[in-house]
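> Input: one structure, supplied below.
The values are calculated or read from the model by the stated rules, or taken from the named source; none is laboratory data. Bear in mind the structure is a predicted one, so any value in this text is a computation, not a measurement. A quick note on method: Cβ atoms are made from the backbone with ideal geometry, for glycine too, and the neighbour counts reach across all protein chains shown. Ligands, DNA and RNA are stripped out before the accessible areas are found, and what is left, the full protein with its side chains, is counted by its heavy atoms. Shrake-Rupley method; radii C 1.70, N 1.55, O 1.52, S 1.80 Å.
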Amino acid sequence: EFFYIQMEKYHADDLAVNADSELFRHLNLHYNRNNQLEVPLNFLAAVQAALKEFFKAVQSNKDVEPSWKKSIYKIIARMDETLPDFFKSPNWMEQLGDQ
């Protein structure tokens with residue numbers, strides 16, 4: 001209940017994510033464990049958009065609905081970019097040193 005009370009004090013527009021944010025660091029660590037890849041600029045925007053959608057869902061109690069995450073997935077899908085060609089190679093990890 002404390003969490004929800006605190007959430008009511010903020011607006012989605014108040015939420016900002018930057019490269020120094022704990023959320024960004026955790027996501028980068030999870031998906032880019034050894035920091036071998038340069039994080040695309042759009043990733044930061046996608047993280048912030050997803051966070052705002054998550055926040056709005058919790059504030060409006062939509063998180064109790066079974067499909068509440070669909071709106072978040074749709075936001076992220078619109079921000080998808082084409083994968084770099086080197087990811088398509090079966091030896092892409094070996095190519096990282098060549099970048």
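> Could you state the accessible area per residue of the chain in Å², with a 1.4 Å probe and every protein chain left in place?
That works out to 80 Å² for each residue.
> While we're looking at this one, here's another question. Among all stretches of the chain without exposed trypsin sites (Lys or Arg not before Pro) (DSSP loop, at most 10 other Cβ atoms within 10 Å), which one is longest?
Maximal segment without exposed cleavage sites: 34-99.
> Show me the GluC sites (Glu not before Pro) within region 6-70 that DSSP assigns to loop and that have at most 14 other Cβ atoms within 10 Å of their Cβ.
Those satisfying the criteria are E8, E38.
> In the chain, what percent of the accessible surface is made up of carbon and sulfur (1.4 Å probe, ligands and nucleic acids excluded)? It would help to have the intermediate numbers written out before the result.
On the way: 4270 of 7970 Å².
Roughly 54 percent of what the probe reaches on the chain is carbon or sulfur.
> For region 33-45, take each phi angle, set θ = phi - 60°, evaluate the Karplus expression 6.51 cos²θ - 1.76 cosθ + 1.60, and give the result in whole Hz per residue in order, putting x for glycine and proline.
Rounded to whole hertz, the list is 3, 9, 6, 7, 10, 6, 6, x, 4, 5, 4, 4, 5.
> What dipole magnitude, in Debye to the nearest 20, does region 1-86 give about its Cα centre under +1 on Lys/Arg Cβ and -1 on Asp/Glu Cβ?
Dipole size: approximately 220 debye.
> Taking only Cα atoms and a 10 Å spring cutoff, compute GNM fluctuations for the chain and point out the largest among Q48, Q59, Q36.
Q36
> If you don't mind, there's one more thing I want to ask. Using +1 at the C-beta of Lys and Arg and -1 at the C-beta of Asp and Glu, which of A19, Q59, Y31 has the Cα lying farthest in the positive direction of the dipole of the chain?
Q59
> If each Cα of the chain is one equal point scatterer, what is log10 of I(q)/I(0) from the Debye formula at q = 0.11, 0.24 Å⁻¹?
Values returned for q = 0.11, 0.24 Å⁻¹ are -0.45, -1.34.
> Hey, another quick one. Go ahead and set up a Gaussian network model of the chain, Cα springs under 10 Å, then flag whichever of P84, P66, P40 fluctuates most.
Judging by the Gaussian network model, the answer is P84.
> With a 1.4 Å probe and all protein chains in place, put L41, L96, L29 in order of accessible area, largest first.
The ordering from most to least exposed comes out as L41, L29, L96.
> For the pair K56 and T82, how long in nm is the line joining their label points, each one 7 Å along Cα→Cβ?
3.0
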